[in-house]
Structure formats: structure tokens, C-alpha cells
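The values are calculated or read from the model by the stated rules, or taken from the named source; none is laboratory data. A quick note: this is a predicted structure, and the numbers were derived from the prediction, not measured. For neighbour counting, all protein chains shown are included, and Cβ atoms are generated from backbone atoms with ideal geometry for every residue, glycine included. For accessibility, only protein heavy atoms count, side chains too; no ligands or nucleic acids. Shrake-Rupley method; radii C 1.70, N 1.55, O 1.52, S 1.80 Å.
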Amino acid sequence: MKKDWFEKELEKYSKLVGYKKPEKYSNVIKLDSNENYVVSQEFLQKMINEVKENIDVREYPLGGTERLSQSISKYMGIPREMIGVGNGSDQIIDLILSTFASKGTKILTSDPTFGFFEERCKLYSIRTLKIPFDKNMTLDLEKFLLNSKKADILYLDMPNNPTGFQFQRKDLEKLIREFKGLVIIDEAYVEFSDYSIVEMTKKINNLIVLRTLSKSFGLAGLRVGYLVANSKIIDTFTRVIQYPYPLNTLAIEIGIVALRQSKYFTDIADLVKKERLRIIINLKQMKIFEVFDSKANFVLFSAGGSGQRIHKALIEQGISIKNLGKIGQHEGCLRVTVGSQDMNSKFLTAIRDLLN
Ligand SMILES: *Cc1c(COP(=O)(O)O)cnc(C)c1O
């Protein structure tokens with residue numbers, strides 16, 4: 001091997017952008033990362049305090065992820081042998097890609113798709129075939145079906161981040177059934193939508209469904225994700241691919257307690273859906289934005305040439321939303337997370353004031 005091989009390799013990787021985390025502002029209303037501020041901080045704090053008394057961090061969390069999988073199994077009504085866990089679904093995505101994809105692999109996905117997923121494909125030099133969103137910010141099933149034979153892996157975040165789009169159930173089911181390679185459906189936002197295809201994992205052997213506690217459970221800082229798939233995939237994932245101790249003791253135990261209280265989080269998701277509709281209606285009433293329907297805990301809207309200016313002006317008002325620029329045929333796209341009622345009202349008031 002040549003002496004300077006490492007320098008060359010490092011040089012190549014250093015040119016990649018990597019996943020761009022949002023700016024960290026202090027004292028702002030944070031509606032830029034699809035976190036869930038409707039979940040009460042006191043409620044979570046109480047859970048953490050309860051757990052804290054009963055753990056021993058001198059020990060490796062032996063048997064911990066198995067108990068967490070058991071809790072997820074109960075919450076989902078899916079057998080435990082069909083569930084694996086990870087340090088956020090990000091880590092699961094990374095492990096699946098680094099194990100099953102290589103430089104020759106081609107992945108069919110949407111444009112845009114989950115940013116982290118795209119960056120990981122670049123890191124591993126995995127080629128992607130991206131189907132763009134059309135002008136009403138929806139995806140065309142036929143285009144996916146037509147291209148499905150050209151790809152080894154299908155990855156779709158459903159609902160999609162950042163558009164909020166979700167296929168009609170029968171369309172997504174058809175696409176999953178027809179795709180011959182590995183299918184990965186990322187359901188990070190599914191609790192805010194009308195349906196999940198997770199039950200299909202019981203019949204379809206090349207399907208992996210990704211889920212997380214980051215969004216509907218408001219536990220983004222805990223880093224708990226999971227996957228649902230047939231027992232052969234899960235056995236291989238858990239025994240061979242996943243680290244021996246991917247989650248820390250605190251995350252495991254808090255996760256278990258949170259899943260036991262799933263009714264609380266289902267009610268939160270209902271509130272989020274109501275607030276999402278209120279945001280959509282109000283933004284539409286302002287008559288200058290194109291506002292897209294959403295099945296997730298955020299709303300995408302296009303502000304044309306004013307996107308940049310509105311984003312900046314909101315920051316100055318202490319409100320941070322996500323500036324996405326051009327998506328498909330729409331300039332100046334902005335994505336606002338659905339926050340608590342109070343946060344949403346402040347956002348709507350601020351944006352209304354800006355327009356006056
Ligand atoms: C937020 C998000 C995730 C969650 O990732 P975690 O690592 O579990 O926090 C996964 N997929 C998509 C599309 C997301 O937007």
C-alpha cells in the first residue's frame with residue numbers, strides 16, 4: 001500500500017459536508033428540529049427521577065435492550081423476536097447501510113429525503129436514484145414502480161421529512177409488495193399520521209420499519225430508536241450487527257417507563273394534530289404562502305423570494321424555524337415544527353406582524 005494512502009483517503013472524506021445540525025440559539029422558541037415540546041418537561045422529569053433511584057451504572061446494561069424490546073413489543077402488539085433497538089434510528093440506519101450496502105449498491109428514494117440518510121449514503125459512496133416531489137409536493141407512485149427494478153434498496157421516510165407527505169396506504173403497500181430488494185420504511189413521524197404499515201413486516205421478509213422515541217415521545221435527547229422486521233433479520237441484527245451495548249442504562253430504563261405510559265403520548269399526538277391544522281389554516285389565511293398538507297409534527301410552506309428574509313426576521317424575534325431553500329419547484333421553503341399551543345401562537349403572531 002502506498003505511504004500516502006491515508007492522507008488521500010482523509011482528504012476525500014474531509015470534502016464531504018456531513019449532516020448539518022441546526023444552529024444552537026439560546027433563549028429562542030425552537031421550532032426547527034421537529035422536537036416535541038407538547039410533552040411536559042415536568043412529566044419527563046418525574047419519570048427520570050423515578051428511574052434514577054433504581055439503576056447501577058457501574059454495570060454494563062446486561063439484558064437491558066432485551067427488556068426494552070419487550071416493552072416495545074407490548075406497546076406495538078408485535079412479537080419481541082421482531083424488534084431490535086438502536087442508539088436513535090440514526091444509528092440503525094448507519095448499521096444497515098454499512099452492512100448491507102456497498103459502492104455498487106443503488107438506493108431508490110425521494111428528493112428530498114431524510115438529510116442524515118443522504119449524508120450517510122455519500123459517506124459510503126452508495127449511489128441514490130432520487131424521485132423528486134411534484135409541484136403540489138406529493139410523490140408519484142408510478143415513477144417509483146417504474147424505477148423499482150433499477151435499485152437494490154428502497155428507502156422512504158413516510159411521512160417524509162421535510163415535506164410531511166405520506167402516500168395513500170394502498171399505494172405504499174403496493175410499492176412495498178412489488179419491490180424485490182430490501183425495503184426500509186422510516187416511520188419516525190407515523191404516530192402523527194393516519195396509518196402505519198408495520199403489520200406488513202409479519203408477511204413480507206424484505207421489509208424493515210424504523211421507529212423512534214425522539215418525536216412522538218418527545219425523547220430526542222435520550223437517543224432511542226428501534227426497528228421492526230421478520231425474526232431472521234432481527235436475530236442477525238441483534239446478535240451480529242448491533243453493538244453489544246448500544247444504549248446506556250438510563251436511556252433503556254427511561255424508555256421502558258415511557259412506553260408503559262403510552263396513553264399519555266397518544267393524547268399528545270392528538271393535540272399536535274389539532275395544532276398542525278391550526279397552523280396550516282392560519283398560514284393559508286395570510287394568502288402569500290403556499291402551504292402543504294402534513295402528516296407529521298411539522299408544516300412545510302413556501303415563501304417564494306421572501307423565505308430567507310422571513311427566516312432571519314423570525315430569529316430576530318426569538319423564533320427559530322428551518323430554512324430549506326428550494327424544494328422541487330418551490331423557492332424559499334420553510335419548515336415549522338408544531339410546538340405547544342403557546343409556542344405556535346407566538347410563531348403565528350410573529351409571522352403575521354412581519355407581513356404587516
Ligand atoms: C427525526 C428523524 C429520525 C429520528 O432519528 P433518531 O436518531 O431516532 O432521533 C429518523 N428519521 C427521520 C426521517 C427523522 O426525521
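Here is how the numbers come out for the structure above:
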{"quantity": "Which listed residue, of 72, 48, is open to solvent by 30 Å² or more (accessible area, probe 1.4 Å), touching a residue at least 12 places away in the same chain (Cβ under 8 Å), outside any strand (DSSP E or B) and touching a Leu at 6+ places or on another chain (Cβ under 9 Å)", "calculated": "48"}
{"quantity": "Check on residue 90, under 24 Å from residue 246 (Cβ atoms) and assigned by TED's automatic domain parsing to the domain that holds residue 179", "calculated": "yes"}
{"quantity": "Complete set of residues in the stretch 181-210 that are touching a strand residue (DSSP E or B) at 6+ places or on another chain (Cβ under 6 Å) and near the ligand (Cβ under 8 Å from one of its atoms)", "calculated": "186, 188, 210"}
{"quantity": "Near pairs, Cβ below 7 angstrom, 6+ apart or cross-chain, from the stretch 114-135 (within 25 Å of residue 300 (Cα to Cα) and away from the ligand (no atom under 16 Å from the Cβ)) to any residue that is open to solvent by 40 Å² or more (accessible area, probe 1.4 Å) and modelled with pLDDT of 95 or more", "calculated": "129/106; 129/150; 131/111; 131/143; 132/111; 134/140"}
{"quantity": "Filter result (at pLDDT below 90, open to solvent by 100 Å² or more (accessible area, probe 1.4 Å) and under 17 Å from residue 119 (Cα atoms)) within the stretch 1-21", "calculated": "17, 19, 20, 21"}
{"quantity": "Some residue of the stretch 78-97 being open to solvent by 50 Å² or more (accessible area, probe 1.4 Å), without any contact (Cβ under 8 Å) to a residue 60 or more places away in the chain and of a type outside the set (Lys, Arg)", "calculated": "no"}
{"quantity": "Cβ-Cβ under 9 Å pairs, at least 6 apart or on other chains, the stretch 157-171 side assigned by TED's automatic domain parsing to the domain that holds residue 331, far side within 12 Å of the ligand (Cβ to nearest atom) and among the aromatic types (Phe, Trp, Tyr)", "calculated": "none"}
